[in-house]
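Since the structure comes first, as structure tokens, the remarks are kept for the end.
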Amino acid sequence: MKRKSWISILLGAGGFSLLSTAWALGKRSGPPLFVVDVQGHSMEPLYHAGDQVLATGFVGRRGIRRGAIVIVRSPETDEGLFIKEVVAVAGDPVPELFRRHAGTEGDLSVPAGCMLVLGRHPASKDSKQWGYLPEANVEGRVVLRTRTGLPGGTARP
């Protein structure tokens with residue numbers, strides 16, 4: 001192996017070790033690392049059906065932040081996992097899109113322990129239908145895409 005390959009392996013192993021330790025000691029929602037197959041089109045053009053993503057169940061002390069791509073369970077049914085983008089977290093003002101959907105006006109903020117998530121496709125299942133998503137429904141946060149264009153999948157639109 002070339003020197004660069006060994007360095008990559010050592011850095012990867014060290015990063016995995018740190019992540020596993022942090023998961024074991026800190027706030028978490030799911031396993032330290034897991035792979036999810038994307039199914040559906042709700043996150044296109046960012047993620048496509050058949051993509052695989054690596055996610056971490058380690059949330060950290062700061063929790064999930066706005067803009068994070070997360071793997072979540074639906075609050076309504078046992079339909080499996082969904083991949084969504086976090087658009088508002090506890091304390092944030094409720095975006096106009098969700099105010100209109102809920103039929104409310106005024107200065108609303110996302111309640112503690114909740115967030116709003118959104119797919120990039122207008123017809124995706126997300127907080128437009130679910131409303132506030134409890135933080136407990138977050139299985140993990142996407143850290144990178146591992147493969148693209150593979151058939152199958154478990155994260156739904």
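Things worth noting here:
- Cα→Cβ-extended label distance, 7 Å offset, between residue 78 and residue 112, nm: 3.2 nm
- Contour excess over end-to-end distance, with Cα ends at residue 66 and residue 92 and 0.36 nm allotted per residue: 8.4 nm
Read-outs: derived from the displayed coordinates by stated rules, not from any lab. Keep in mind that this is a model prediction, so the values were computed, not measured. Cβ sites come from the backbone with ideal geometry, for glycine too, and all protein chains shown count toward neighbours.
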